[in-house]
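The values are calculated or read from the model by the stated rules, or taken from the named source; none is laboratory data. Small disclaimer: the values here were computed from a predicted structure and weren't measured. Note that we place each Cβ from the backbone using ideal geometry, even for glycine, and neighbour counts take in every protein chain shown. The accessibility values were calculated without ligands, DNA or RNA, using every heavy atom of the protein model including side chains. Shrake-Rupley method; radii C 1.70, N 1.55, O 1.52, S 1.80 Å.
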Amino acid sequence: MAAAEATAALWEAAVVAASSTGGDSTTVFSICVFTAVLCLCLVAGHLLEENKWVNESITALIIGCIVGAFIFLLSKGKNSRILRFDEQLFFIYVLPPIIFNAGFQVKKKQFFHNFLTIMSFGVFGVFISVAIVSAGCYWLFPKVGFGKLDAVDYLALGVIFSSTDTVCTLQVISQDETPRLYSLVFGEGVVNDATSVVLFNAIKNIDITRLKGGVVLKVIADFLYLFATSTILGATIGLSTAYVLRALYFGRHSTDREVALMALMAYLSYMLAELLSLSGILTVFFCGIVMSHYAWHNVTESSRITTRHIFATLSFIAETFIFLYVGMDALDIDKWKTAKSGFKTSAGIFGILISLILLGRAAFVFPLSILSNSMSGNSEKAPITFKHQVVIWWAGLMRGAVSIALAYNQFTFSGVTLDPVHATIITSTIVVVFFTTLVFGFLTRPLISAMLPHHRHREEATGGRSTGSNSPKDDFILPFLSDEDASGSGSGFMQAKRSISMMLERPVHTVHVYWRKFDDRFMRPIFGGPRSH
């Protein structure tokens with residue numbers, strides 16, 4: 001007891017000392033503590049890396065909750081977090097490195113080979129899920145004594161709880177064993193987040209005083225405009241970066257300049273999209289894809305290794321940061337006091353949201369998977385089996401950073417709200433993120449091991465480590481090699497010969513083939529990169 005009081009006194013003394021020397025010192029003190037906790041998350045994640053039930057996201061969330069409880073006790077119930085969340089901070093500084101790295105590291109061959117299926121999940125699936133969640137909230141919330149939202153708020157709720165977080169699942173799925181499944185989950189997760197943000201911005205521009213029959217068409221038109229223009233802007237900036245690197249050959253004088261130019265141009269693409277009221281997520285995602293396809297081949301080997309690890313590290317830190325903050329913010333007493341809903345109402349809201357998330361996800365994953373299989377017919381694509389459909393459905397049940405950021409953007413001002421209804425939505429969102437990440441995240445590895453037993457055996461054989469590589473160069477090597485050959489064993493020449501023979505016997509006349517021909521003839525000679533022929 002005496003030790004606890006001494007610790008509390010020490011904490012208060014540190015806070016008072018920082019405050020007495022000015023606001024800047026207080027900020028520095030908070031950042032120091034938060035950085036120390038981030039380091040703790042990295043160490044804990046490393047120690048629990050082989051654990052069957054826990055992953056990085058769950059580790060950060062639990063540590064955030066523990067640290068939040070500790071601060072809550074030391075501050076005598078006044079506070080539970082070190083920093084105050086600002087959705088603008090998230091969208092401007094935290095989200096860009098996550099999305100850019102997703103585009104930069106994506107397996108382009110698999111991504112574009114399954115492009116139509118990914119887009120159907122990530123775009124049409126979001127619209128279906130938003131419709132179900134919005135309509136369900138509008139119909140069911142009043143039945144539990146909670147129904148004081150307007151039309152835009154209900155639509156915003158649909159978007160907030162349709163935004164997925166596939167980090168937990170992607171940490172378990174083997175990219176080498178099930179490349180198509182990994183591509184579908186990864187691609188749908190990124191496109192889903194981009195679609196959710198674009199749709200959210202389109203919904204916020206709706207004038208509820210002039211709702212007419214054509215409002216749905218207007219939302220769809222705004223969405224298509226933002227989607228197309230954002231994609232074009234990202235591709236344009238990516239191509240510009242590739243051309244400058246190829247024409248000036250920065251690496252002749254400084255590798256640092258090459259890396260700095262790629263990083264700054266990527267961030268410029270995001271900020272320019274935000275300045276033009278476009279989707280920064282889509283812009284920086286396709287900028288990352290284009291840079292990895294062209295610019296990555298125009299820099300020195302040391303720059304290629306450096307960029308790959310820098311972008312991955314920044315993305316990892318950003319993801320850990322947001323889950324850590326959510327864990328701390330869950331114990332924010334001000335929000336729970338402002339939300340005056342009773343336990344029965346809060347439990348009803350939570351049950352409704354979880355049920356709608358499950359239903360909304362299932363309403364498009366299984367039908368669209370069946371449609372994709374029927375459209376593929378007897379092509380070279382392997383069908384999406386029922387077990388794979390279950391994994392895809394499960395992968396999108398977890399809610400994370402984007403859901404939190406959109407909820408704060410809609411229902412708070414700089415992280416603060418005095419409206420009991422809005423505070424209830426915020427607390428419900430935090431509870432849903434906690435529940436889906438912890439419960440669904442805990443069960444992800446056992447589920448995938450049960451649904452994909454060959455993946456479990458592969459993990460046991462490799463000690464739980466992936467044998468794949470995230471380098472963009474793999475797109476030109478791995479399609480011709482088996483897993484054994486790609487890792488350095490087996491007869492690579494014979495496997496490559498067999499693969500080429502199969503390609504000659506079964507030529508694939510798809511958009512991908514025509515694009516590669518156009519790319520080899522016109523694009524790569526200007527913007528860089530090895531040609532296929």
For the range 301-314, enumerate the residues that are open to solvent by 30 Å² or more (accessible area, probe 1.4 Å), β-branched (Val, Ile, Thr) and either in contact (Cβ under 8 Å) with a residue 40 or more places away in the chain or outside any helix (DSSP H, G or I) (or both).
-> Thr306, Ile310
Subset of the range 274-296 [surrounded by fewer than 20 Cβ atoms within 10 Å (Cβ to Cβ) and either at positive phi or not in a loop (DSSP other than H, G, I, E, B) (or both)] = Glu274, Leu275, Ser277
Does any residue in the range 344-362 that is more than 13 Å from Phe435 (Cα to Cα) come within less than 8 Å, Cβ to Cβ, of a residue that is among the hydroxyl-bearing types (Ser, Thr, Tyr) and open to solvent by 30 Å² or more (accessible area, probe 1.4 Å) six or more places away or on a different chain, and which pairs are these?
-> Ile349/Ser341
Could you list all residues from the range 408-442 that are open to solvent by less than 20 Å² (accessible area, probe 1.4 Å) and of a type in the set (Gly, Ala, Ser)?
-> Gly415, Ala423, Ser428, Gly441
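It is to be established whether one or more residues within the range 47-59 are part of a helix (DSSP H, G or I), open to solvent by 50 Å² or more (accessible area, probe 1.4 Å) and modelled with pLDDT under 80.
Taking the range 47-59 and keeping what is part of a helix (DSSP H, G or I), we get 47, 56-59.
Now restrict to residues that are open to solvent by 50 Å² or more (accessible area, probe 1.4 Å): 47, 56.
With the extra rule that they be modelled with pLDDT under 80, the set shrinks to 56.
The answer is yes, given that some residue of the range 47-59 is part of a helix (DSSP H, G or I), open to solvent by 50 Å² or more (accessible area, probe 1.4 Å) and modelled with pLDDT under 80.
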Of the residues that make up the range 171-182, is at least one in the same structural domain as Ile118 (by TED's automatic domain parsing), surrounded by fewer than 18 Cβ atoms within 10 Å (Cβ to Cβ), modelled with pLDDT under 75 and within 24 Å of Ile354 (Cα to Cα)?
-> yes
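Rundown of residues vs (1) in the same structural domain as Ser315 (by TED's automatic domain parsing); (2) under 23 Å from the mean Cα position of the chain (by Cα); (3) not aromatic (Phe, Trp, Tyr), yes/no style:
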| residue | (1), (2), (3) |
| --- | --- |
| Ile392 | yes, yes, yes |
| Leu397 | yes, yes, yes |
| Ala401 | yes, yes, yes |
| Phe411 | yes, yes, no |
| Val421 | yes, no, yes |
| Thr429 | yes, yes, yes |
Quick one: in the range 73-90, which of the residues that are open to solvent by less than 30 Å² (accessible area, probe 1.4 Å) and either within 23 Å of Leu397 (Cα to Cα) or among the polar types (S, T, N, Q) (or both) is modelled with the highest pLDDT?
-> Phe90
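Picking from Ser372, Ser355, Ser403, which residue would you name as being polar (S, T, N, Q), modelled with pLDDT of 85 or more and surrounded by 22 or more Cβ atoms within 10 Å (Cβ to Cβ)?
Working: Ser372 fails: surrounded by 22 or more Cβ atoms within 10 Å (Cβ to Cβ); Ser355 fails: surrounded by 22 or more Cβ atoms within 10 Å (Cβ to Cβ).
Checking each option against the conditions leaves just Ser403.
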